[in-house]
1. Taking a quarter of the surface of the Cα convex hull of segment 255-407, what do you get in nm²?
2. For a label point 7 angstrom out from the Cα of residue 224 toward its Cβ, which stretches of segment 163-205 have the backbone nitrogen within less than 19 Å?
3. Could you list, in their original order, any pairs among 257/437; 296/376; 383/435; 210/437 whose Cα atoms are separated by more than 27 Å?
4. Would you calculate a helix-derived [θ] at 222 nm for the chain, using -39,500 (n - 2.57) for each DSSP H run of n ≥ 4 and dividing by the full residue count, to the nearest 500?
5. Projected area of segment 6-142, taken from the Cα convex hull and averaged over every viewing direction, in nm²?
6. For residue 124 and residue 477, compute 0.36 nm times the residue count separating them, minus their Cα-Cα distance, and round to one decimal in nm.
7. Counting other Cβ atoms within 10 Å, which GluC sites (Glu not before Pro) in segment 213-284 have at most 12 and lie in a DSSP loop?
8. Computed over the Cα atoms, what is the radius of gyration of segment 321-428 divided by 2.2 N^0.38 Å, N being its residue count?
Amino acid sequence: MQAVPSEFLAIDRKERANRPFFDLDLRAPEVRTCDFEDVVIEFDPERAMSEAARCIHCPDPAPCMLACPTLNDIPSAMWLIEQGRFVDAAGIYHKTSSLPEVCGRVCPHEALCQGSCVLNKHHQPVLCGELESFTVDYERRTEGYIIPVGIPKDRKIAIIGAGPAGLGCADLLVQKGYEVTIFESKPAPGGLLVYGIPNFKLPKDVWGEKWEEYERAGVKFVPNTYIGKDKTIDSLFEEGFEAVFIGVGAEIDSKMKDTPGTDLPGVYEATDFLIRGNVDADQLPENMRQPLEVGKRVVVIGGGDTASDCLRTALRLGSEEVTCLYRRTEKEMPGGKKDRKMAREEGAKYRFLTQPVKFIAGADGKLAAVECIEMKLGEPDAKGRRAPVPVENSNFSVATDTAVLALGYSADPIIGKTTPGLEVSKWDEIIVKDKSKGSTSREGVFSGGDCVTGPDLVVTAMVAGRKAALAIDVYLQNKK
């Protein structure tokens, strides 16, 4: 329910809708490609108030709120921002989101809240994503934010994975007084937020300050611990944990099966490329500390957000000719339009209806070219997307020094293999009996995020973690 005073609802919606719109301010492409700093120039208070005043305050339930996986009360936040009550607005977001400063930056707003804004019909939508991150950034700099910790229950819960799902779960559990320990296979917390999303989309200092909130709330962190190898879920129960939440994401890169040359020097998987290209050495796993060797010509194969991140990373690493190869047309690309637009502004090229079939070595044994074949679109596949069909005798080569395979991700099978009684799908995704609770086939074991759904959004993983936290609380209360 919106917190807007009743007398305010008599606003002139037409006047608000016709107020001037100013798009996000971005650093110039020739400047931002010289570093890994944030691309977006954040709002100042006056700009934030002006933008929030464009909200016409639709009757409950507002379309933007319904389109948000967290059900953020966006209209109430807009009203508070318009009044200059930025900290109060931040409080609105904290009620329903564990990561508002992250979601405000990395959510595909054009497909969620912003895309559902009724102003899209005849005007430009309210920039609610940027306003969300502005409020929590303002709060952090002026007053700080403390996760409200509940009365200690002296009951331990283990969370596997320090990414969005695990963080959402930990946030609500400490608020209910549980002792929470997060186990993470990598050296630093954050999961995808650190090791997947480049700094120019989510600055590491923003995440670092967010993690300090968890530390102050008493969340324990155990790094470099691979559940399934170093420990098992059964051993966690033996150590006294009364419930376990699995939020390990989907971090196994999809392969180009039966494609010769993928093992050549100069061919990288997207995860390896992004982690080594964006993360400080002290946060890198030991097997990823060797510097990247990125040539002047780079091709990125794939059409999702990860492909855009790889294209933009390659440009920042000094590559001069960066091209995306995609086997369908741009219309079928799953990645966000905003990221593709910025990639193009920065110098990336796109070559559609193109399928690599072979990676070719040069005289030095390193990658020198990619042999491709032209494609055409055939009948729709099972998901409704038109399937790409090879065009006979259309082979051609693209000279390149570096290729990055950004083909998607799948779940790690190790937890399913090392946890008796835990049901997983044929794709190694954990099966939950009730998505609103994250309960699995093993008593006391809950799960959510990409390891359940396959690759999805940061916000949906975080929401799944929060739902599981509430279910864990009920489970342990009943168990007591």
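Values quoted throughout were computed directly from the atomic coordinates according to the rules given, and no laboratory measurement underlies them. Since the structure is predicted, the reported quantities are computational estimates derived from the model, not experimental observations. Please note: Cβ atoms are built from the backbone with ideal geometry, for glycine as well, and neighbour counts cover all protein chains shown.
1. Answer in nm², one decimal: 9.7.
2. What the label zone holds, given the 19 Å backbone N cut-off, is 182-191, 195.
3. Working: 257/437 36 Å; 296/376 30 Å; 383/435 22 Å; 210/437 25 Å.
Pairs exceeding the cut-off: 257/437; 296/376.
4. -9500 deg cm²/dmol
5. Numbers: hull surface 34.8 nm².
Reported value for the Cα convex hull: 8.7 nm².
6. Going from the current span to full extension adds 122.3 nm.
7. 239
8. This ratio for segment 321-428 stands at 1.37.
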